[in-house]
1. Run the helix sum for the chain: -39,500 (n - 2.57) per DSSP H stretch of 4+ residues, divided by residue count, reported at 222 nm to the nearest 500 deg cm²/dmol.
2. Using the per-residue mean of other Cβ atoms lying within 10 Å as a proxy for protection, in what order, highest first, do the peptides 144-151, 127-134 fall?
3. Calculate, for region 116-174, the solvent-accessible area per residue in square angstrom, rolling a 1.4 angstrom probe over the heavy atoms of the protein chains.
4. What is the Cα centroid distance between region 50-92 and region 148-189, reported in whole angstrom?
5. I need to check one value: relative contact order of the chain, counting alpha carbon pairs closer than 8 Å and at least 6 residues apart, in percent.
6. Please turn the phi angles of region 114-121 into ³J(HN,Hα) values with the Karplus equation 6.51 cos²θ - 1.76 cosθ + 1.60 (θ = phi - 60°), one per residue in order, whole Hz, x for glycine and proline.
7. P(r) for the chain: what percent of alpha-carbon pairs falls in each 5 Å bin, starting at zero?
8. Straight-line reach from residue 59: which lysines have a Cα under 26 Å away, not including same-chain ones fewer than 8 places off?
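The values are calculated or read from the model by the stated rules, or taken from the named source; none is laboratory data. Everything numeric here is computed off the predicted structure, so don't read it as measured data. Methodologically, a virtual Cβ is constructed for each residue, glycine included, from the backbone with ideal geometry; neighbour enumeration extends over all protein chains shown. When the accessible area is computed, the model is the full protein with side chains, heavy atoms only, and any ligands, DNA or RNA have been set aside. Shrake-Rupley method; radii C 1.70, N 1.55, O 1.52, S 1.80 Å.
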Amino acid sequence: MTKDMILDAAEQVLRRYGPDKTSVTDIAKFLQVSHGTLYRHFASKAALRESVTERWLDKSIAEPLEKVANTSEGSAEEQLRLWLETLIKKKRMFAVDDAEMFVMYGDVTLASGDMITMHIDRLMKQIALIIERGMRTGEFKPGSADSVSRAVFLATLIFHHPSHAHEWASERIDEDFNTVWQLLLSGLK
C-alpha cells in the first residue's frame with residue numbers, strides 16, 4: 001500500500017461522502033485494509049486531509065498556473081491577466097463542480113497554516129516571474145517583483161480565496177475584477 005494509493009482512495013471517498021462525513025475507517029474499507037494501515041502513512045485524519053488537499057491544490061491549481069507563468073508568449077500584461085483569470089476560473093469551477101474537495105480546501109485553509117502558506121508562496125512566486133519579465137522588458141515599472149506579486153495576490157483575494165466563494169455568483173463580480181485589474185495596471189505601469 002503506497003501513500004499515493006491511499007491519497008487516490010481518500011480523494012474518491014471524500015468526494016463521495018464529503019469531508020465532514022468521511023472517516024479514516026471509510027477510506028480503509030474502500031481500500032480493503034485496516035485503518036491502522038493508513039495510520040502508518042498519516043499520523044491523523046487531519047494529516048490525511050491535509051495531504052489530500054495539498055496534492056489536489058498542486059495538481060488542480062498550482063501546476064496549471066505554473067504553465068501560464070512559465071510561458072513567454074504575449075506581453076507580461078497579457079500573461080498576468082491570463083494567470084489571474086485562470087486562477088479565478090479554476091476556483092469558481094471547483095466551487096461548483098468539485099464542491100466536496102473545495103469545502104475541504106476551505107476547511108484546511110483555516111486549520112493548516114503551514115501547508116496553505118507554502119501553496120500561496122508558490123503562487124506568488126509565479127506572479128513574481130511574470131512581474132520580473134514585465135520589469136525587464138520595461139512594460140512594468142521597476143521595483144521589487146516579490147513585493148508587487150504579493151500586492152497583486154492580496155488585491156485579488158476576493159476573486160479566488162475560498163472564504164469569498166459566496167460572492168462569486170454576484171452579477172458584478174466580473175465588473176469588479178475588471179475595476180481591480182485596471183487599478184493594478186495603473187500601479188504596475
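1. Taken over the chain, the calculation gives -23000 deg cm²/dmol.
2. Going by the mean number of other Cβ atoms within 10 Å, highest first, we get 127-134, 144-151.
3. Using a 1.4 Å probe on heavy atoms only, each residue of region 116-174 averages 54 Å².
4. Cα centres, region 50-92 to region 148-189: 15 Å.
5. 20 percent
6. Once rounded to whole Hz, the list reads 5, 5, 5, 4, 5, 5, 5, 4.
7. Here the calculated profile for the chain is 1, 7, 16, 17, 16, 13, 10, 8, 5, 4, 2, 0.
8. List returned: 3, 21, 29, 45, 67, 89, 90, 91, 125.
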